[in-house]
1. Positive end of the charge dipole of segment 67-154 (Lys, Arg +1 and Asp, Glu -1 on Cβ, about the Cα centre): tell me which of Gly90, Ala102, Val124 has its Cα farthest that way.
2. Going by a ≥ b ≥ c, the root eigenvalues of the Cα gyration tensor, does segment 67-154 fall in the rounded group (a/c under 1.5), the prolate group (a/b larger than b/c) or the oblate group?
3. What's the percent breakdown of Cα-Cα distances in the chain across 10 Å bins, shortest bin first?
4. Let me know the shape class of segment 1-69, please: from the alpha-carbon gyration tensor, a ≥ b ≥ c as square roots of the eigenvalues, rounded when a/c is under 1.5, otherwise prolate if a/b is greater than b/c, or oblate.
5. Charges at C-beta only: +1 for Lys and Arg, -1 for Asp and Glu. How large is the resulting dipole of the chain about its Cα centre, in Debye rounded to 20?
6. Mean-square fluctuation check for the chain, GNM, Cα pairs under 10 Å: which of Gln43, Gln18, Gln107 is largest?
7. Mind telling me which of Gly90, Gly67, Gly81 comes out most flexible in a GNM of the chain, alpha-carbon contacts under 10 Å?
8. Considering only Arg132, Arg94, Arg33, give the residue with the highest GNM mean-square fluctuation for the chain, with springs between Cα atoms whenever their separation is below 10 Å.
Amino acid sequence: MSDYVVQAVDAEKELEEQLDAKRAELATLQAGREKSRRRANLQEEIAETERKCKEEAALSEAEGKYGPIGKRIATLDTVDGLVIVKMGDGIKVRIWADKHGANPTTQACRELVRPCVVHPSVEVFDEMVKERPMILVSVAGKVLELAGIGGKEIGGK
């Protein structure tokens, strides 16, 4: 073989070795990323399971203290966790409804809901509402349902 052919074969081998090295580097990087992703998923699943355990305990406690879901308490499962509310004082809810009618303000909803929040703590609930304001409206609907106002009457189905 000529020197030119030998050099071409050597150059091709060198390129194949570089390609193999880059493929190995890529595989190592991908494996590391996959390992990190699996670890993050496991940590997330652990946190989610811990949250659900706390929520189940809170739900059992609320049912024992206030009564069954749908009669004396209501729940709303949100992205941030479970919210449990108890039935509001009938007279206070009636006064609230007379005062605010069909178009309550956010502040009015807050006045209705905050005394009824059983889980999470009111402070945590306020943070949830700060992050996702429509939780307040949904929870207010639950409180009004417990007070005897049907879903149709508060804009539901």
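Just so it is clear, none of the values below were taken in a lab; they were calculated from the coordinates. Just so it is clear, the model here is predicted, and its values are computed rather than measured. We place every Cβ from the backbone using ideal geometry, glycine too, and count neighbours over all the protein chains shown.
1. Value computed over the given set: Gly90.
2. Here segment 67-154 falls in the oblate category.
3. Calculated over all Cα pairs of the chain, the distribution is 9, 27, 20, 10, 8, 7, 7, 6, 4, 1, 0 percent.
4. Taking the square roots of the gyration eigenvalues as a ≥ b ≥ c, segment 1-69 is prolate.
5. 1440 debye
6. Gln18
7. Gly90
8. In this elastic network of the chain, the residue with the biggest mean-square fluctuation among Arg132, Arg94, Arg33 is Arg33.
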